[in-house]
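Reviewing the structure listed below.
The values are calculated or read from the model by the stated rules, or taken from the named source; none is laboratory data. The model shown is predicted, which means the values in this text are computed figures rather than measured ones. Cβ placement follows ideal geometry from the backbone for every residue including glycine, while neighbour counts extend to all protein chains displayed. These area figures cover heavy atoms from the full protein model, side chains too; ligands, DNA and RNA do not enter into them. Shrake-Rupley method; radii C 1.70, N 1.55, O 1.52, S 1.80 Å.
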Amino acid sequence: MAKKSNRVPEPMREKYDRITRETDAFCDLHLDMEYRDLIRLAIAALCRKRPSPLARGQENTWAAGIVHAVGMVNFLFDKSQTPHCKVPVIHEHFGVAASTMQNKSKEIRDLLNMYQLSPEWMTPSRIDESPVAWLLQVNGLIVDARHMPREVQEIAYEKGLIPYIPADRPNNSD
């Protein structure tokens with residue numbers, strides 16, 4: 001898994017700040033800090049693209065699309081999840097048409113290689129639940145890295161194949 005960064009090139013700093021102000025306000029009303037932080041990482045990643053797609057278009061459209069894209073990965077629209085948000089709440093909050101938001105979301109998901117259960121774009125609290133984040137192929141067999149010896153976990157972590165070493169997790173109850 002690639003290490004995520006909030007690093008933003010100086011020419012994109014103002015655009016980043018304007019979009020994050022909008023998405024932070026939405027997260028304060030409807031989501032949580034995990035979503036806020038993940039959405040900021042997505043905005044920063046888009047700022048680092050060359051050329052950055054954020055250089056064109058309106059901030060509210062990008063903000064709606066980014067919230068929707070991160071929400072898609074994390075099943076935000078499933079009412080059994082917490083937090084949960086209905087799609088119309090997003091596009092109405094940002095003042096954009098549903099189709100515009102969904103088109104922008106698709107563009108963002110393609111640019112950042114986002115998909116449902118994408119380990120790189122899941123909220124930290126969901127990563128433990130995701131079987132996808134922990135699957136490795138060892139000697140031709142698919143295994144859950146959480147059940148492998150620590151040495152294997154360390155190698156997998158160093159190679160960016162798993163999000164962390166389970167025994168090193170601060171809230172580990174084992």
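As a test of understanding, state the convex hull volume per residue of the chain from its alpha carbons, in Å³. It would help to have the intermediate numbers written out before the result.
Details: hull volume 23.3 nm³, N = 174.
Convex hull of Cα atoms, per residue: 134 Å³.
Once every DSSP H run of n ≥ 4 in the chain is given -39500 (n - 2.57) and the sum is divided by its residues, what mean residue ellipticity at 222 nm do you get, rounded to the nearest 500 deg cm²/dmol?
On the way: 7 runs with 84 residues, N = 174.
Mean residue ellipticity, 222 nm, calculated: -15000 deg cm²/dmol.
Go through 39, 83, 127 and say which Cα lies farthest out towards the positive end of the charge dipole of the chain; charges sit on Cβ, +1 for Lys and Arg, -1 for Asp and Glu.
Sorting the options by dipole projection puts first 39.
If you rank 109, 150, 7, 50 by how much accessible surface each has, with a 1.4 Å probe, what is the order from largest down?
Details: 109 50, 150 90, 7 145, 50 215 Å².
Output order, biggest surface exposure first: 50, 7, 150, 109.
Rank these by accessible area, largest first, 1.4 Å probe: 114, 72, 33.
Details: 114 15, 72 50, 33 125 Å².
So, going from the largest accessible area down, we get 33, 72, 114.
Order 38, 135, most accessible first, counting only protein heavy atoms with a 1.4 angstrom probe.
Numbers: 38 5, 135 85 Å².
So the residues, ranked largest to smallest area, are 135, 38.
Show me the ranking of peptides 116-127, 81-92 by mean Cβ neighbours inside 10 Å, starting with the highest. Walk me through the intermediate numbers first.
Working: 116-127: 17.3, 81-92: 15.4.
Ranked from most to least packed, the peptides come out as 116-127, 81-92.
Helix 13-30: angle to the longest alpha-carbon principal axis of the chain, degrees 0 to 90, nearest 10?
Rounded to the nearest ten degrees, it is 80.
I'd like the FRET efficiency for residue 92 and residue 146, computed as 1/(1 + (r/R0)^6) with the beta carbon distance as r and R0 of 45 Å, rounded to 0.05.
Values: r = 40 Å, r/R0 = 0.89.
Calculated transfer efficiency: 0.65.
For the chain, what number of Lys pairs, 8 or more residues apart or on separate chains, have alpha-carbon atoms under 20 Å from each other?
Total qualifying Lys-Lys pairs in the chain comes to 11.
With the cut-off at 1.5 for a/c, could you classify segment 56-123 from its C-alpha gyration tensor as rounded, prolate or oblate?
Numbers: a/c = 2.35, a/b = 1.19, b/c = 1.96.
Because a/c hits 1.5 or more and a/b fails to exceed b/c, segment 56-123 counts as oblate.
Given the peptides 58-64, 101-107, arrange them by the average over their residues of other C-beta atoms within 10 Å, most packed first. Let's see the in-between values first.
Numbers: 58-64: 21.9, 101-107: 19.4.
By packing density, highest mean first, the sequence is 58-64, 101-107.
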